[in-house]
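Here is the structure we will look at, set down as structure tokens.
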Amino acid sequence: MRGISAMRILNLLLISVLFTSFFADSVLTQSKQERRRIEKSKRLVIEGDNFFRQKNYRDAIRKYSEAIATLPTNPYAYFSKGYCHYNLGELDQAIIDLSTALEQGYRPLDVYTIRWQAYFWRKDYDLAIKDLQSALQIQPSNAYFNLALGDIYRAKQDFRNALQYYKKAAELDNQNPDVHFFIAVCHNQLGDYASQREAAMEALKRGTKYRAESWVYIGQTAQLLRKYAEAAEAYKEAIQEKNDIGKGVYFNLSEVYRLLNRFNDSIDILKRGVAIYPDDGNFYVNLSWIYSLADRHEDAVAAAQRAIQMLPNEHMGYTNLCRAYNDLKQFNKAIEACNNALKIKPDDGETFFYLARAHDFLGNREQADSFYKKAVLGLVDFTKSNPNYSDGFYLLGNAYLAVNERSKAIEAYKKSLEIAPNFAKARYNLGYAYLISGNKQLAREQYEALLNIDQNLAARLLEVINKR
């Protein structure tokens, strides 16, 4: 029988021992090297964290990058580096690093909390929503994530979904005063003005920092509901909170004062608006109109001329100038101004009405009649497009009266007064229209109503009534 010699067995045993020893030493060496890399990476991360706390994000990134180069599987370093890039506005790199941290097992909630914001500022709204919805799966009762989703949907102009998340955020955190303001914003965009007012009032009660804007929403609701005195107070509060709240608030408050027949207040607020927004010629357009209503015709001319200077391609400056010249009995100048307006807007009913009046006063009856008819057509179209504008119906009533359509004039004046019950000139004209239509009793009712609005106009109407 042939066998293995003792010497060969010994040699094999020696080789086995040597190989085992070499392998153990190799593993031990690798383990030591790995530990050294881990320790070095930790030290670099600590240095990076120190820079991070000092808000020295650039040096923090350098240290975190060294930590990653030393130990590529370091999710904390990737997360912290991504956070630094986010703070520096380097959103693309922030998203790459944060995503790597998540892939390497870093805490998902921490990653989602930062990454959704990076997506948001990059306008990747759907990805931001995805991160926040993932965060809500982990913490479904987190008010912050619900609020953030409301913000994103609002940025997407998806106000119905935004409202849903804002309401949830309000339920979860009743200490946040601003969420009710954003609820008001959503109701505004969805056309639910009653709820808009309620939410804005709640925001003010809870101490929102959006106080001026909340007052604007309250004023807007009151104006739409034709509660003009309440609207005026709300807009005044808004301007008091923030005088540069926006041109629209000044125009709205001026309009509310006009609707209340408070022309001097309307003029004053427009002047305040001009002081803050001196480059907007629309303030002068509106001033000219209100000056005319207040029978300050020379001021109306000056304001209209300023409007034309600032807005030479807009017809209303010329139209207002035409009306003001008519009131000053400078009819040829009025005709010139109206013709300039019609070059810009050839079918404007209001301009045709003033042009007709100028020709009427000059005795050009045929031309006046032609222009009055065009005025009616233009103002009918205007009132259809602007059914809540009292002056449109007032002017339409005047035009109907000029073409001897008294019943239609009466209806137009009534519509104007339905919108603006304190519109004294519309009420005077309605009384006059009733009178020449043979209804002295209804004319007297307008006189009695005028007594509480404008006693001078009431006296004039009574004088006309008593003469018939």
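The values are calculated or read from the model by the stated rules, or taken from the named source; none is laboratory data. Owing to the predicted nature of the structure, the values given are computational and were not obtained by experimental measurement. Every residue, glycine as well, gets a Cβ built from its backbone with ideal geometry; the counts of neighbours run over all protein chains shown. Side chains are part of the model used for accessible areas, which takes the heavy atoms of the whole protein and leaves out ligands, DNA and RNA. Shrake-Rupley method; radii C 1.70, N 1.55, O 1.52, S 1.80 Å.
A few notes on this one:
- For the stretch 396-468, the spread of Cα positions along each principal axis, largest first, Å: 29, 28, 17
- Cα-Cα separations in the stretch 76-128 greater than 13 Å, expressed as whole percent: 47 percent
- The trypsin sites (Lys or Arg not before Pro) of the stretch 319-420 that meet both conditions, a loop assignment by DSSP and at most 14 other Cβ atoms within 10 Å of the site Cβ, are Lys329.
- When the listed pairs Lys271/Lys425; Lys247/Lys329; Lys130/Lys168; Lys329/Lys425; Lys167/Lys236 are checked against a 25 Å cut-off, the alpha-carbon distance exceeds it for Lys247/Lys329; Lys167/Lys236.
- Per-residue ellipticity at 222 nm computed for the chain from its helices equals -26000 deg cm²/dmol, with DSSP H segments shorter than 4 residues left out and the rest contributing -39,500 (n - 2.57).
- Working note: Debye formula, equal point scatterers on the alpha-carbon atoms of the stretch 132-237, no solvent; log10 I(q)/I(0) at q = 0.12, 0.17, 0.20 Å⁻¹ is -0.40, -0.73, -0.94.
- Rounded tilt (10° steps) of 297-310 against the dominant C-alpha axis of the chain: 40 degrees
- Cα-based helix-to-principal-axis angle, 193-205 vs the chain, degrees rounded to 10: 60 degrees
- For the stretch 292-313 versus the stretch 148-182, the spacing of their alpha-carbon centroids is 45 Å.
- Sequence-separation-based contact order of the stretch 279-394, relative, with Cα cut under 8 Å and 6+ spacing, percent: 17 percent
- The spread of Cα positions in the stretch 66-164, taken along each principal axis and listed from longest to shortest, comes to 49, 26, 16 Å.
- Solvent exposure, largest accessible area first (probe 1.4 Å, DNA, RNA and ligands not counted), of Phe382, Phe352, Phe251: Phe382, Phe251, Phe352
- Where the Cα pairs of the stretch 184-303 fall when distances are cut into 10 Å bins, in %: 15, 42, 30, 11, 2
- Within the shell of other residues whose beta carbon sits under 10 angstrom from the beta carbon of Ala375, the net charge comes to +1, with Lys and Arg scored +1 and Asp and Glu -1.
- The alpha carbons of the stretch 25-98 occupy a box of 48, 23, 13 Å along the principal axes, longest dimension given first.
- Annotation for the stretch 46-99: trypsin sites (Lys or Arg not before Pro) lying in DSSP loop with at most 13 further Cβ atoms inside 10 Å of their Cβ are Lys55.
- Rounded to the nearest 10 Å², the accessible area of Tyr83 at probe 1.4 Å: 70 Å²
- Sorted largest first by accessible area at a 1.4 angstrom probe radius, with every protein chain in place, the residues Ile96, Ile129, Ile38 fall in the order Ile96, Ile38, Ile129.
- Listed peptides 443-453, 215-225 appear in the order 215-225, 443-453 once ranked by packing, highest mean of other Cβ atoms within 10 Å at the front.
- Amide proton proximity set for Ser437, modelled H, under 5 Å, gap of 5+: none
- In the stretch 142-227, Cα pairs under 8 Å separated by at least six residues give a relative contact order of 23 percent.
- Rg/Rh ratio calculated on Cα atoms of the chain (Kirkwood radius): 1.33
- Whole-angstrom gap from the stretch 85-107 to the stretch 412-445, using each part's C-alpha centre: 71 Å
- Measuring nothing but how far apart in sequence close Cα pairs (under 8 Å, 6+ apart) lie, relative to its length, the stretch 228-328 scores a relative contact order of 20 percent.
- With the convex hull drawn around the C-alpha atoms of the stretch 264-376, the volume per residue stands at 83 Å³.
- Here's the picture: charge each Lys and Arg Cβ at +1 and each Asp and Glu Cβ at -1 in the chain, and of Tyr235, Ala399, Ser65 the one pushed furthest to the positive end of that dipole is Ser65.
- Environment charge of Phe51, counting only residues whose C-beta is closer than 11 Å and scoring Lys/Arg +1, Asp/Glu -1: +2
- Counting only alpha carbon atoms, the long axis of helix 390-402 and the longest principal axis of the chain meet at about 30°.
- Just the protein heavy atoms count here, and of the accessible area of the chain at 1.4 Å, carbon and sulfur take up 50 percent.
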